[in-house]
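The values are calculated or read from the model by the stated rules, or taken from the named source; none is laboratory data. None of the values given here were measured: they were computed from a predicted structure. Cβ atoms come from the backbone with ideal geometry, glycine included; neighbour counts cover every protein chain shown.
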Amino acid sequence: MAKKQLGFYIDLRSCSGCKACQIACRDKNGTNVGVLWRRVYEVGGGDWVQQGEALVDNTFHYFVSSACSHCTDPACVPVCPTGALTKRDEDGIVSIDSSRCIGCRYCEWACPYGAPQFNAETGVMSKCDFCKDYLAEGKPPACVASCQMRVLQYGDIEELRAKYGSAGNIYPFPDPSITQPNTTFTPHKDSVSSDNRSAAILNPEEV
C-alpha cells in the first residue's frame, strides 16, 4: 500500500445530486462530451406493497457522486499491456500516461467502476488523477472545492475512515473487497448494498 493513500469521503445523507462536482471536473480537465471522470448516479427502487388491506411504501432514492477510487488493488493497472497505468508510491494516485496508451481499452473493461474513459478524439484512455497538479499547489481537487453541500472531502483514507467510518458497500458499486477502493461514505438512510435486487440507476443516460 502507498505510504499515504489518498481517498474520497462522501456524505450521502446530504448529496442533492446537483452535479457541481461533475461540472467542475469537466471544466478543469476539458474532457470531451461523453467522457466523465466524475459522475453522479441517481439510485432508486422499491415499490408499494400490499400488506393486508393497506399499501405500504418501501421505495428508496438517493444520489452518489463517483470518480476513480484509486484502489489499493486496482484492476486497471495489471491489465495495461504498455504500463501506461501506474499507482504512485507516495500517495496511491492511479494515473494514465497518455503517451504510452495505445487505446486498447483493457483497463476500461477491467475496472468495475468505469473509471478509465476512452477519448474517441484522441484515441487513448483518460481518467481522474485526483487533480494532482492542484494538490502540488496545496489546493483541493476541483470536485471537492465545488461541492455546494460540502459533502465531498478528500485526504488520507485511513484518517477519513477513522473520522467517518468505513462504509463502502453501496449500490451501484460492486463489493469493495474486489479492488479495495479508497472511497468511504456516510450512507443515506435509504442506501442499499451492492447486491440489492430492487435497486436501479435512474439516470443511465447521464452516467
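From the set of residues in region 23-64 that are without any contact (Cβ under 8 Å) to a residue 60 or more places away in the chain and assigned to a loop (DSSP other than H, G, I, E, B), which is nearest to I201 (Cα to Cα)?
Going through the qualifying residues, I end up with T59.
In the set Y164, Y134, which member is at pLDDT 95 or above, under 12 Å from F8 (Cβ atoms) and more than 17 Å from the chain's Cα centre (by Cα)?
Only one candidate passes the filter, namely Y164.
Condition first: more than 24 Å from Q180 (Cβ to Cβ) and touching a Cys at 6+ places or on another chain (Cβ under 9 Å). Now tell me which residues in region 24-49 satisfy that.
Selection gives A24, K28, N29, T31.
Identify, from the list V56, V77, V33, V49, the residue that is at pLDDT 95 or above and at negative phi.
V77
I'd like to check something: does region 196-207 contain any residue that is under 19 Å from V79 (Cβ atoms), without any contact (Cβ under 8 Å) to a residue 40 or more places away in the chain, among the charged types (D, E, K, R) and not in a loop (DSSP other than H, G, I, E, B)?
no
Of (1) more than 22 Å from Y41 (Cβ to Cβ); (2) not in a loop (DSSP other than H, G, I, E, B), D89 satisfies all except one. Which?
The single condition D89 does not satisfy is (2).
Considering region 4-49 alone, what residues qualify as being of a type in the set (S, T, Y) and either under 21 Å from H70 (Cβ atoms) or in contact with a helix residue (DSSP H, G or I) (Cβ under 6 Å, 6 or more places away or on another chain) (or both)? Full working, then the answer.
Just the residues of region 4-49 that are of a type in the set (S, T, Y), to begin with: 9, 14, 16, 31, 41.
Correct list: Y9, T31, Y41.
Taking region 183-199 as the search range and keeping residues that are of a type in the set (G, A, S) and surrounded by fewer than 15 Cβ atoms within 10 Å (Cβ to Cβ), which one is nearest to D57 (Cα to Cα)?
So in region 183-199, the residues of a type in the set (G, A, S) come out as 191, 193-194, 198-199.
Still in the list and also surrounded by fewer than 15 Cβ atoms within 10 Å (Cβ to Cβ): 193, 198.
Values: S193: 19, S198: 14 Å.
Here the answer is S198.
Would you pick out the residues in region 146-182 that are of a type in the set (S, T, Y) and surrounded by 14 or more Cβ atoms within 10 Å (Cβ to Cβ)?
So the first thing to find is which residues in region 146-182 are of a type in the set (S, T, Y), and the list is 146, 154, 164, 166, 171, 177, 179.
Within region 146-182, S146, Y154, Y164, Y171, T179 meet the criteria.
Residues being free of Cβ contacts under 8 Å to residues at least 60 places away in the same chain and part of a strand (DSSP E or B): count how many of those fall in region 132-179.
Number of matching residues: 1.
All but one of (1) under 25 Å from Q153 (Cβ atoms); (2) free of Cβ contacts under 8 Å to residues at least 40 places away in the same chain hold for A115; state the number of the condition that does not hold.
Single failed check for A115: (2).
Output the residue which, of all residues in region 77-104 that are touching a Ser or Thr at 6+ places or on another chain (Cβ under 8 Å) and hydroxyl-bearing (S, T, Y), is surrounded by the most Cβ atoms within 10 Å (Cβ to Cβ).
By that ranking, first place goes to S95.
Could you please tell me which pairs satisfy a Cβ distance under 6 Å, a separation of 6+ or placement on different chains, a first residue in region 90-106 that is closer than 17 Å to T183 by Cβ, and a second residue that is assigned to a loop (DSSP other than H, G, I, E, B) and at pLDDT 95 or above?
G92/Q5; G92/H70; I93/H70; I93/F130; V94/H70; V94/P74; S95/D129
Answer yes if at least one residue in region 110-126 is more than 26 Å from P172 (Cα to Cα), in a strand (DSSP E or B), in contact with a Phe, Trp or Tyr (Cβ under 7 Å, 6 or more places away or on another chain) and aliphatic (A, V, I, L, M), and no otherwise.
No - not one qualifying residue is present in region 110-126.
If T184 satisfies every condition in (1) under 16 Å from the mean Cα position of the chain (by Cα); (2) part of a helix (DSSP H, G or I) but one, which is the exception?
Answer for T184: the failing condition is (2).
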